[in-house]
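*Asks:* Let me begin by handing over the structure; questions about it come next.
The values are calculated or read from the model by the stated rules, or taken from the named source; none is laboratory data. Given the structure is predicted, the values throughout are model-derived calculations rather than measurements. Note: ideal-geometry Cβ built from the backbone for every residue, glycine included; neighbour counts use all protein chains shown. Note: accessible area is taken over every heavy atom of the protein model, side chains too, but ligands, DNA and RNA are not part of it. Shrake-Rupley method; radii C 1.70, N 1.55, O 1.52, S 1.80 Å.
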Amino acid sequence: MPENVKISIRQFTVLVMLITIGDSILVLPSIAAFEAKQDAWISSLIGLAVGLLVVYIFSMVGKLYPHLTLVQSIQEIFGKWFGTFVSLMFLFYTFLSVVAHTRETGDFVTSVMMQETPTQAIQILFVCIVIMAVRLGLEVIGRTGEIFLPWIIFFFLILVILLSPQAEFEKLQPILENGIKPVFHGSLSCIAFPFMELVVFLMIFPYVNQPQQIRKGFLQGALLGGIVLIIIITVSILVLGADHTARSMYPTYSLARRVTVGRFFERVEAILALMWTLTIFMKVSLFFYTFNLGLAQLLKLKEYRMLTLPVGLLLIVLTPVISPSITYYNKVLSKYWPYFDLTFALLLPLLLLVVYFIRAKFKRSTT
């Protein structure tokens, strides 16, 4: 392994929770409400149930070769040549995710907070911080998550408590007005963005110091993160209504702007922006770390840190290329990205399980 570190099961669980929340806390309510309308909260419940099943599948894959990362397991199961090709495709998926989330960060900051700042300036600053975090290593990323978590929970509770007087339960009615089909369509995004993208944790399974507790920590982190998203989606519908939530690019940010206490406690949207920045920073850092680690393992390098700077420069160049406008990006994110996640985060692990058990059965039959 080009990395010799260990993180605790607590740090692992915290990272799972933060990555589950990730950018979903900002964009998921809009996508779910666009498909399911006022039933988006039902879509989020379905998403949590199926998402936990997906996480369980990830833990099964991780136990096939507990001392190997996903890239190494792919080569072990598929063989050297085909395994290398599949590993490169998976790494392409992680890198493209980093590019997309970096683009999203720049668009959010420049559209709602710093309109006169060039988007690329925000993206360059963000990438520099991510490179710094990844070069410091997985242990530092894990400890950073532990530091961030209490503040994120505190900000989240403030937001929900202050918005509760504005909740109108009539906005959840009528339930299942358009049938169950739109609810299932809305649940696809609720499964893909928060849970399927947790596949990157298969790259750090060997670095958890209590491997026997990984499945429990994995499920706990995903469950806690999923509950946060369910609450955010439900509060968005209760306060803004389904139509406003679906039309808004960042409905959670619109929620925070509605908070006012006695006309002296206002501008809570800054708290929401900070909470989202912390969670997406953790998500991008982990994706960027797994890409560099996996690439170093494929190239048989002893050290992954030498790759971070050139890969970061490539990231800065490709970020404005991934989409010509924020409208194009949001369309791709809502309509096509869930299927991208489905391919690499569900079909690939299932294929690994099937091939592994077929090979194991064939080996037993020949002996």
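*Asks:* Relative contact order for the chain: what percent, with Cα pairs under 8 Å and sequence separation of 6 or more?
*Replies:* Relative contact order for the chain comes out at 40 percent.
*Asks:* Please report the spacing between the Cα centers of segment 51-86 and segment 194-227 in Å, no decimals.
*Replies:* 14
*Asks:* Additional query: Largest first, what is the accessible-area ranking of Trp337, Trp151, Trp41, Trp81 with a 1.4 Å probe?
*Replies:* Trp81, Trp151, Trp41, Trp337
*Asks:* For segment 166-177, what does the Karplus curve 6.51 cos²θ - 1.76 cosθ + 1.60, with θ = phi - 60°, yield as ³J(HN,Hα) per residue in whole Hz, taken in order and with x for Gly and Pro?
*Replies:* Values, residue by residue: 8, 5, 10, 5, 5, 6, 7, 9, x, 6, 6, 4 Hz.
*Asks:* Please work out how much length the chain gains when fully extended from Leu313 to Ile153, using 0.36 nm per residue of separation minus the C-alpha to C-alpha distance, in nm with one decimal.
*Replies:* Working: separation 160, 0.36 × 160 = 57.60 nm, distance 3.34 nm.
Between Leu313 and Ile153, full extension yields 54.3 nm more.
*Asks:* At 7 Å along Cα-to-Cβ for each site, give me the label-to-label distance between Thr277 and Ser164 in nm.
*Replies:* Going by the 7 Å Cα→Cβ label model, 2.8 nm.
*Asks:* Enumerate the calculated ³J(HN,Hα) couplings along segment 22-32 in order (Karplus 6.51 cos²θ - 1.76 cosθ + 1.60, θ = phi - 60°), each rounded to whole Hz, writing x wherever the residue is Gly or Pro.
*Replies:* x, 7, 4, 4, 9, 9, 5, x, 5, 5, 5
*Asks:* Still on this structure, please answer the following. State the extension gain, in nm to one decimal, for the chain segment bounded by Lys331 and Asn209, taking 0.36 nm per residue of separation less the distance between their alpha-carbons.
*Replies:* Between Lys331 and Asn209, full extension yields an extra 39.8 nm.
*Asks:* Stretched out fully, how many nm does the piece from Arg364 to Trp81 gain, at 0.36 nm a residue minus the Cα gap?
*Replies:* Difference between extended and current length: 99.4 nm.
*Asks:* Follow-up question, since we're still on this one. May I have the extent of the alpha carbons of the chain along their three principal axes, as whole Å values ordered from largest to smallest?
*Replies:* Taking the Cα atoms of the chain, the three principal extents are 72, 45, 38 Å.
*Asks:* Given a Förster radius of 30 Å and the C-beta distance between Arg247 and Leu351 as r, what FRET efficiency does 1/(1 + (r/R0)^6) yield to the nearest 0.05? Display every interim value, and only then the final one.
*Replies:* Values: r = 39 Å, r/R0 = 1.30.
For R0 = 30 Å, the calculated efficiency reads 0.15.
*Asks:* Work out the length of the dipole vector of the chain about its Cα centre, built from +1 on the beta-carbon of each Lys and Arg and -1 on the beta-carbon of each Asp and Glu, and round it to the nearest 20 debye.
*Replies:* For this selection, approximately 1120 debye.
*Asks:* Which value, in Å² rounded to 10, gives the accessible area of Arg305 with a 1.4 Å probe and all protein chains present?
*Replies:* The accessible area comes out at roughly 60 Å².
*Asks:* Okay, moving on. Using amide H atoms built 1.01 Å from N in the peptide plane, name the residues 5+ places from Ile7, or on other chains, whose amide H lies under 5 Å from its own.
*Replies:* Val208, Asn209
*Asks:* Can you list the HN-Hα couplings for segment 275-291, worked out from phi with the Karplus curve (6.51, -1.76, 1.60; θ = phi - 60°), rounded to whole Hz and with x for Gly and Pro?
*Replies:* The phi angles translate into 4, 5, 4, 5, 6, 6, 4, 5, 5, 5, 4, 5, 4, 5, 4, 5, 5 Hz.
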